[in-house]
Amino acid sequence: MRENAGMTGDRIGEVAHRVVITGIGVCSPLGGSATEMFRNLMHSETALRNWSDLETEGYRCSIAARIEDVPGNPLRRGGTLALLAARQAVHMSRANLPINTGVYIGSTLGESLAFERAAEGESLDVREYGIPSITDAVRQDFAFSGPAQSLATACAAGNYAVGAAMEDVRSGRVPFAIAGGVEPFSRLSMVGFTRSRAMASDTCRPFDMRRSGMMLGEGAAMFVLETAERAVARDATPLAEVVALGLSCDAYHPTAPRPDGSGMKRAMQAAIDEAGLSPGMIDWVNAHGSGTRASDAAEACALRGLFGNELPIVSGSKGSLGHALGASSALELAVCVQGLLEQTVPPTVGHQTPDTDGVPCTREPVRRPLRWILNNAFAFGGLNSSLLLRRYDS
Amino acid sequence: MRPADIDVVLPSNALERDAMESVVDRLTALFEGATGVRGGLYLASTDAGNATTQRFWHDAMAAGVALANPELFPWCLANAPCAALARRFGIAGPNFTWLGGEDALQAAWHAAESALARNRVDNAFVVFVEFGKLDLPGRFQSWRLQKQEIRRGEERSAAALLS
Amino acid sequence: MKINETTETVRITDDVINQLRSLLTQIQPRLPQTWPSGSLFQSELGLDSLDLVELVARVEQRYGMLIADSELPRFVSLDAMADYICARTQA
């Protein structure tokens, strides 16, 4: 295993550049901050409900998790959510961010409503409403001129964005980064997922034997990343350490996952290997758990394949938050960080009974020592990501 | 940046799926011997997904939201072209898509070089795609990165940081 | 049922099968010109779940009917789909 030895050597060379999160900002249908969202999760609350406007408009499914009263231009709903979350994260970090701060934002569709309006004949240049428009809005708000990345990796985009930020902070390319995921509520996605028969008719039940599909959400979660040394030197509070991002691609089907979960397993394994860990050291997996028959079955295979019968605690948040597409892994990263801080795994709303060979998830809060966490996120196109976090220990 | 290994004109006014179909047969040599889990794809695009997203919604409005055809929906996503390359050539390692202009292409190069330098992949492919619209043709460029190039890449990155 | 009614039913079913065959060929141009209407979509024609939901979407548009998710597992062949469509349209 010379390759692994080499990777471990690389990692040791980077120990001096541990990357930590020092600020979290959240706009979600379950709360306007990480603590509020987590508190509601702990009470097994769900933001999924029926929406009369969608029902009137004739959607096959009119249940979703949406944020009410988002201020500003509806065509810039994604930009607004991202900005609110970014400002909140920066405020929490108490950092005086320099102009060369990097901005890394992931999303699936960007400002979906603008694309819809353009298709309906409104005179709009859709290039001004893609994901880069959201990244630019954040950069302009803070007057940053550092690196910018707009990750268009669909439902894994939040993990990708935070992973890209981690790399740049670790290498010293940027002193600070704002990173996360955003997705405004999208009627286009409602049509796409209902007509692809991927959506449940009533509610989202991650890993439950009665699950019948996903439900749509929206939101944004942003994080301030910096090195641990910098954070300690300026007397900031590291909330969690971002250690590695494992990636793979199923290269199998446009929408369906590889049924044996081997691609998902490789992503988790890659994150674990890069940190020089063994699977048994993982305390908690925040699963992708979309609630579809195929995705949850494949993820269960991946978890069983990687951990055998020694499964860590597994939970999922989409029964509470819905699937916020490009924002989902960022919102769930906020759940992970809050869980690390409180040393508690929240319940998995919608989960009662797993498949016979499936994965049991938390059904109530589980309080126990938590050190290493994987945050899984998978996407159309067979993209698999797993972000490894560690409780911050000075 | 060195000249692309593949530099192909894409048809104007074509959906992303059709534009990609028009180019993939010309990529066989580029990907030869580089398949599997140790290959990574790093794609930057100015506009992936834009054309299909508008077509999909236009068709959905015509059919009604309850009866829309889902066929094009996966291609509304900007990562569909890169995922299609992965499927076609069996590239099962990291699969990235960035949207943007020069910054997106720089991010793709940087990530590809970093993945090679950190031994995450043996082969890295950087792709730039601008899909054609109206009467303007699009462009597909691709580079296959070798490990021996990485030292040069690192020097370039260091120079950029110092400048 | 009288003989001419039976003949009419068969003719309508055959028409539906031909229409379904055409819809399916649009989705999967690699399919042969013709195939037995009892051939199983997944195991014999190699169609996947995405092909099936797209076919059902086209059927919904073509015949102006909404088909519930719970009905999809029964659509295993052209015959099975045609039977369902004929029953719905006659009802």
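Read-outs throughout are calculated quantities, based only on the coordinates presented, and are distinct from any laboratory measurement. Please read these numbers as outputs of a predicted model, since none were measured by experiment. Neighbour counts are summed over all protein chains in view; Cβ atoms, including those assigned to glycine, are modelled from backbone coordinates with ideal geometry.
Using a Gaussian network model of chain A in which every pair of alpha carbons under 10 angstrom is joined by a spring, one finds that among A:Asn100, A:Asn384, A:Asn159 the greatest mean-square fluctuation is at A:Asn100. Here chain B is assigned +1 on the Cβ of each Lys and Arg and -1 on the Cβ of each Asp and Glu. Its dipole about the Cα centre then comes out at about 500 debye. Compute the angle between helix B:150-162 and the longest alpha-carbon principal axis of chain B, please, reported from 0 to 90 degrees and rounded to the nearest 10. Long axis of B:150-162 versus the principal axis of chain B: about 90 degrees. Simple rule: put +1 on each Lys or Arg Cβ and -1 on each Asp or Glu Cβ in the protein assembly as shown, find the dipole, and look at A:Ala297, B:Thr53, A:Ala228; the Cα lying farthest toward the positive end is A:Ala228.
Quick note on the range B:69-147: its Rg to Rh ratio, both from C-alpha atoms and Rh being the Kirkwood radius, is 1.00.
Between the Cα long axis of helix C:78-90 and the first principal axis of chain C there is an angle of about 50°, rounded to the nearest 10. Since only A:Ile178, A:Leu30, C:Leu24 are under comparison, the one whose Cα sits farthest along the positive direction of the charge dipole of the protein assembly as shown, derived from C-beta charges on Lys, Arg, Asp and Glu, is A:Ile178. Rounded to the nearest 20 debye, the dipole magnitude of the protein assembly as shown is 1040 debye, with +1 charges on Lys and Arg beta carbons, -1 on Asp and Glu beta carbons, and the Cα centre as origin. Value of Rg to Rh for the range A:131-270, rounded to two decimals, is 1.02; Kirkwood radius and Rg both from alpha-carbon coordinates. Positive end of the dipole of the protein assembly as shown (Cβ unit charges, origin at the Cα centre): among B:Pro137, B:Ala124, C:Ser43, the Cα lying farthest that way belongs to B:Ala124. Ranked by how many other Cβ atoms sit within 10 Å of their own Cβ, fewest first, the residues A:Thr135, A:Thr203, A:Thr292, A:Thr35 fall in the order A:Thr35, A:Thr203, A:Thr292, A:Thr135. Structure remark: mean-square fluctuation, Gaussian network model of chain A, C-alpha springs under 10 Å; the largest value among A:Val242, A:Val19, A:Val70 belongs to A:Val70.
Could you size up the charge dipole of the range B:83-147 around its Cα centre, putting +1 on the beta carbon of Lys and Arg and -1 on that of Asp and Glu, and report it in debye to the nearest 20? Intermediate results must be reported in sequence, preceding the final value.
Details: 8 positive and 6 negative charges, 68 e Å.
Dipole magnitude for the range B:83-147 comes out near 320 debye.
Taking the centroid of alpha carbons for each part, the range C:35-90 and the range A:96-123 are 39 Å apart. Derived scalar couplings between HN and Hα for the range B:36-43 equal x, 6, 9, x, x, 10, 10, 10 Hz in order, rounded to whole Hz, by the Karplus curve 6.51 cos²θ - 1.76 cosθ + 1.60 (θ = phi - 60°), x for Gly and Pro. Each residue in C:Ser70, A:Ser212 was given a count of other beta-carbon atoms within 10 angstrom of its own, and listing them fewest first yields C:Ser70, A:Ser212.
Computed from Cα atoms, the angle from the helix B:80-89 axis to the main principal axis of chain B rounds to 60 degrees. Among the chymotrypsin sites (Phe, Trp or Tyr not before Pro) in the range B:1-71, none sits in a DSSP loop with a Cβ that has at most 12 other Cβ atoms within 10 Å.
Exposed loop sites here mean GluC sites (Glu not before Pro) with a DSSP loop assignment and at most 10 other beta-carbon atoms within 10 Å; chain A contains its longest site-free run at A:123-309.
Between B:Leu30, B:Leu99, B:Leu15, the residue with the greatest mean-square fluctuation in the GNM of chain B (Cα pairs under 10 Å linked by springs) is B:Leu30. Backbone phi angles across the range A:159-171, fed through the Karplus curve with coefficients 6.51, -1.76 and 1.60 (θ = phi - 60°), yield HN-Hα couplings of 4, 4, 5, 5, x, 5, 5, 4, 4, 6, 5, 4, 7 Hz in residue order; Gly and Pro are listed as x.
Measuring how big the protein assembly as shown is from its alpha-carbon positions, Rg and Dmax come out at 24.3, 92 Å. Restricting attention to the protein assembly as shown, close to 65% of DSSP beta bridges with both partner residues there are antiparallel. What the phi angles of the range A:251-266 give under the Karplus curve with 6.51, -1.76 and 1.60, with θ = phi - 60°, is a coupling list of 6, 10, 8, x, 10, 7, x, 5, x, 7, x, 5, x, 4, 4, 4 Hz, glycine and proline written as x.
Each part gets one Cα centre, and for the range A:267-301 versus the range B:82-143 those centres are 26 Å apart.
The range A:19-88 and the range A:198-221 have their alpha-carbon centroids 15 Å apart.
Put in order of Cβ neighbour count within 10 Å, fewest first, the listed residues B:Leu72, C:Leu66, A:Leu331 become C:Leu66, B:Leu72, A:Leu331. Once backbone amide H atoms are built at 1.01 Å from N, A:His323 has A:Met215, A:Leu216, A:Gly217 as its partners under 5 Å, excluding neighbours fewer than 5 places away on the same chain.
Taking only DSSP H segments of four or more residues, each worth -39500 (n - 2.57), what value at 222 nm results for chain A once the sum is divided by all its residues, to the nearest 500 deg cm²/dmol? It would help to have the intermediate numbers written out before the result.
Working: 13 runs with 140 residues, N = 394.
Helices in chain A give a 222 nm mean residue ellipticity of -10500 deg cm²/dmol.
More than 16 Å apart: what percent of Cα pairs in the range A:339-389 qualify? Of the Cα pairs, 59 percent sit more than 16 Å apart. Here the relative contact order of the range A:244-283, from alpha carbon pairs under 8 Å that lie six or more residues apart, stands at 47 percent.
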